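The values are calculated or read from the model by the stated rules, or taken from the named source; none is laboratory data. Because the structure is a prediction, the values reported are computed rather than measured. Cβ atoms come from the backbone with ideal geometry, glycine included; neighbour counts cover every protein chain shown. When the accessible area is computed, the model is the full protein with side chains, heavy atoms only, and any ligands, DNA or RNA have been set aside. Shrake-Rupley method; radii C 1.70, N 1.55, O 1.52, S 1.80 Å.
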Amino acid sequence: MINFTFYSPTYFVFGKGTEKEAGHYVRRFGGSKILIHYGGGSVVRSGLLDRVKASLDKENIKYIELGGVQPNPRSGLVYKGIDLCRQEGVDFILAVGGGSVIDSAKAIAAGVPYDGDFWDFFEGKPVEKALKIGTILTIAAAGSEGSGDTVVTREEGMLKRGAHGEALRPSFSILNPELTQTLPAYQTAAGATDIMAHVFERYFTNTKEVEITDRLCEAILLTMIKEVPRVIADPNNYEARANIMWAGMVAHNNLVGVGRVQDWASHALEHELSALYDVAHGAGLAVIVPAWMTYVMKHDINRFAQLAVRVWGVDMNFANPEETALEGINRFKQFLKSIGMPISFKELNAREEDIPLMVDKLGLGENRTLGNFVKLTARDAEQIYRLAL
Ligand code: NZQ
Ligand code: ZN
């Protein structure tokens, strides 16, 4: 295990009806004039926004609103949000929605106290100062409710990039699994795939002797394999929704990733897909992750075989561990298919002729490779995209 620090200061409020406590927590964490940030309307239609406002009114907290965050959130609305917060003297942002809304809120929060262009943070400048944010999560997926990350797409050149910093961790996050019951099955499945991918990005490491985090990773994956089919079969299954929602948080607040070098090549490869075709991030991952696994498997057959045995229930073939490893990847693909996810470019309506453009946008070269488990060159990236056709 390698040295690490772990900082996860978010106050989590989990369970039925908890969105009614939003006002209480905004006050507790020091918000007096807040921006309510939300997406394309699901929170309006479900009545959630009204319940949140009622909770703020009860605490006499002043608020303004900015809706319209698109999935794969865009920089244009972030600039608008920064201007609005400065004009109105906003000191706290309440994100009501999914990862896209939360990420847009985090980008605004970083931009308000910063003199330069907020995009600097998405070109590598760490975020050290930001307005405080709180979240009310409506989809189990990105894990942004507990992470110090935000991902935004700049319209100019459709560049999808991430920014990081401890200041981006939400002060509080309200997680009510009931709120996820209105999700279309496809979004539920895409979110679940993202959660599993967050585990794989950590599981595939060259760091030795990381049994505790290996086992935690496997626990999350086993939970997802059990619970996702249950919510696809019955969207109102509260208990299954609850397990998935907490899995989404622990998969990405880094509890299961500390002490090891993590990979993250699949996410970078996927971000080019969702930037170009505006597909759901989780659906893009369903296409990329199995292709990445197939491409890098030989680098550490034993690790892939371990996953196949412990998580996918494959019998270990000691004479031919490669067969065991491959069967694990096959079962993952079958699982993705069974929950309605695409596993090829074709199913995603992505085009072979765009591969050179996607590889080019990754900006790989002599001094820049992708990922850590296997350090991928531009040629490797191209091969992985082709494996996913
Ligand atoms: O916009 P509305 O109308 O709210 O509809 C959304 C959106 O269309 C809908 N939705 C959300 N909750 C709903 C609902 N519809 C009905 N009922 C509900 N309860 O679902 C659609 C997708 O929402 P979105 O926020 O985009 O989903 P997700 O949470 O998967 O977020 C994806 C974004 O997060 C980024 C991704 O790249 C992508 O941009 N990520 C952020 C990370 C982070 N900050 O740590 C890490 C991840 O790896 C990921 O990259
Ligand atoms: Zn992700």
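Odds and ends about this structure:
- Residue within region 49-61 that is in the same structural domain as residue 173 (by TED's automatic domain parsing), outside any helix (DSSP H, G or I) and either within 16 Å of ligand 2 (Cβ to nearest atom) or crowded, with 19+ Cβ neighbours inside 10 Å (or both) present: yes
- The test for being within 12 Å of ligand 1 (Cβ to nearest atom), more than 12 Å from the chain's Cα centre (by Cα), open to solvent by 10 Å² or more (accessible area, probe 1.4 Å) and of a type outside the set (S, T, N, Q) does not hold for residue 258.
- Residue 136 vs. criteria surrounded by 19 or more Cβ atoms within 10 Å (Cβ to Cβ), among the aliphatic types (A, V, I, L, M) and under 19 Å from residue 251 (Cβ atoms): no
- With respect to the conditions (1) buried (at least 24 other Cβ atoms within 10 Å of the Cβ); (2) in contact with a Gly (Cβ under 6 Å, 6 or more places away or on another chain), residue 274 lacks only one, and its number is (1).
- Residue list for region 132-190, filter: over 25 Å from residue 342 (Cα atoms) and of a type in the set (Lys, Arg): 132, 154, 169
- Residue 78 being assigned to a helix (DSSP H, G or I), within 16 Å of ligand 1 (Cβ to nearest atom) and open to solvent by 10 Å² or more (accessible area, probe 1.4 Å): no
- Qualifying residue in region 245-263 (condition: touching a helix residue (DSSP H, G or I) at 6+ places or on another chain (Cβ under 8 Å) and closer than 28 Å to residue 356 by Cα): yes
- Selection within region 324-341 - among the aromatic types (Phe, Trp, Tyr) and touching a Ser or Thr at 6+ places or on another chain (Cβ under 6 Å): none
- Pairs are defined by a Cβ separation below 7 Å, a sequence spacing of at least 6 or placement on different chains, a first member in region 301-321 that is within 20 Å of residue 226 (Cα to Cα), and a second member that is open to solvent by 40 Å² or more (accessible area, probe 1.4 Å) and in a loop (DSSP other than H, G, I, E, B); the pairs so defined are 309/316.
So that you can scan it fast, the table gives a plain yes or no per residue for (1) under 27 Å from residue 27 (Cα atoms); (2) modelled with pLDDT of 95 or more; (3) within 8 Å of ligand 1 (Cβ to nearest atom); (4) not in a strand (DSSP E or B):
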residue: 130; (1), (2), (3), (4): yes, yes, no, yes
residue: 133; (1), (2), (3), (4): yes, yes, no, no
residue: 139; (1), (2), (3), (4): yes, yes, yes, yes
residue: 142; (1), (2), (3), (4): yes, yes, yes, yes
residue: 146; (1), (2), (3), (4): yes, yes, no, yes
residue: 151; (1), (2), (3), (4): no, yes, yes, no
